[in-house]
Amino acid sequence: MTAEPITVVGLDGGPLSTEAADAVRGATLLIGADQHVTGLPDGLASAPLTNGGRTGLVEDLRGHDGPAVVLAAGDPGFFGVVRVLRAGGLTPMVVPAPSTVQRAFGAIGRPWDDAAVLRADRDNLRAVVNVCRARGAVAILTGPGVGPREIGAGLHGWSRSLVVVEDAGGPNERLSTVDASEVGWRDWREPDLVLCLRDPDVVSPAGWFAGGEPIPPPGGWALPDSAFHHREGLLPSPEVRAVALAKLAPRPGMLVWDIGAGSGSVAVECARMGAAVLAVERDPGQCVRLIANTSAHRVEVCVVEDSAPGVFGMLPEPDAICVGGGGPHVVAACTDTGASRIVVALTGLDHFTACRDALAGAGYAVEGCQLTVTRLVQPERGASRLVGSSPVLLLTGTR
């Protein structure tokens, strides 16, 4: 609470609380958009409404002598104007209404403590779509030029339902549920919020951390071989995966390609870190193992059963790529995708020079390391010993 005579009142189209009504009634400066007038009872406000955007808002409030009220939609402390005021050195009293996100989840009768909440604009659309690809429940507060059509266009290959709220809190508020593949066929009127749901009818297990479990996952990473269904001899060791993950740097908002994914151990590890993941594997048997591993670890990986690099032109643009097979021509094709990080795993030196030159020739800064793992073996009988594995060379290109 603060003694400063500035109150921010949230509106949701319903009646004002006593506290909010008293603040509006006593204000000598009232700031808000034209549509906020419809949220006020007739004759309540004695001060005329000043139509003010966020530009100059702090200066207007600083220059006013007397109680002031700022009208905003929903909860002004949730991606709202309170941040602007606090950044300007003002500490208002806030009388919030339910946020658009709360009301949308309430309208479909679904808990939302597992949902990631994002604010979308033209600059971060790609990262927003990647979060939608990776998570089962996302709420997106939309901005100019970013709406259900743009979000749905990026979800090809990922099964999602979109709940779209138009004209939130206004006289023409409407809530619609559509499949992401169909969202481009409709004209949307002032979409304020999009809920992106993997399955609207499935409720995730209750957790203790709002927005989903924290990243990195509590079980750690570089999981043991026993955590994956795999073909003998074709699974990268946990130690190799640990270094590859450090170089790929998977995180929420990224899309990682796993090329020649095999049974998907790297893909699963990246997905557990919150990244969206697309795995390309041409072997049907390995694709079956990959799908089994994603299911076992309760993560989502978009599996493309096809050959690299021919399929690249049909895939969304990656942020990072792990190349587990395919040779120098695949690495060269990866450099044309715009990825900022490319990690190449080699089990021999035959392709080293060509892969290094492909990365360097495309403007990537190239690093490399050879990993030879010597593990402790402790039999039930006999002495403990160290057993070495075949070396793996990791090339990393960054730009």
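The values are calculated or read from the model by the stated rules, or taken from the named source; none is laboratory data. Quantities reported herein were computed from a predicted structural model and do not represent experimental measurements. Glycine gets a Cβ as well: all are built from the backbone with ideal geometry, and neighbour counts include every protein chain shown. When the accessible area is computed, the model is the full protein with side chains, heavy atoms only, and any ligands, DNA or RNA have been set aside. Shrake-Rupley method; radii C 1.70, N 1.55, O 1.52, S 1.80 Å.
Treating r as the C-beta distance of residue 349 and residue 246 and R0 as 25 Å, the FRET efficiency rounds to 0.65.
Once the mean of 1/r is taken over each pair of separate Cα atoms and inverted, the chain shows a Kirkwood hydrodynamic radius of 24.1 Å.
Rolling a 1.4 angstrom probe over the protein heavy atoms with all chains in place gives the chain an accessible area of 49 Å² per residue.
Couplings for segment 183-200, taken from phi via the Karplus curve 6.51 cos²θ - 1.76 cosθ + 1.60 with θ = phi - 60°, read 5, x, 8, 10, 9, 10, 9, 6, x, 9, 8, 10, 9, 10, 10, 5, 8, x Hz in order; Gly and Pro are left as x.
Across the accessible surface of the chain, with the other protein chains kept in place and a 1.4 Å probe, carbon and sulfur atoms take up 52 percent.
Stretching the chain fully between residue 362 and residue 206 yields a gain of 51.5 nm (0.36 nm per residue, less the alpha carbon separation). Most simply put, the chain has about 50% antiparallel DSSP beta bridges, counting only bridges with both residues inside it. In the chain, a dipole from Cβ-located charges (positive for Lys and Arg, negative for Asp and Glu) runs towards its positive end, and of 159, 304, 210 it is 304 whose Cα lies farthest in that direction.
Stretched out straight at 0.36 nm per residue, the stretch from residue 340 to residue 390 would grow longer than its current Cα-Cα span by 15.1 nm. This model, with +1 at the C-beta of Lys and Arg and -1 at the C-beta of Asp and Glu, gives segment 211-361 a dipole about its Cα centre of some 260 debye. Summing charges over neighbours of residue 373, with a neighbour being any other residue whose Cβ is under 15 Å away from its Cβ, gives +1 when K and R count +1 and D and E count -1.
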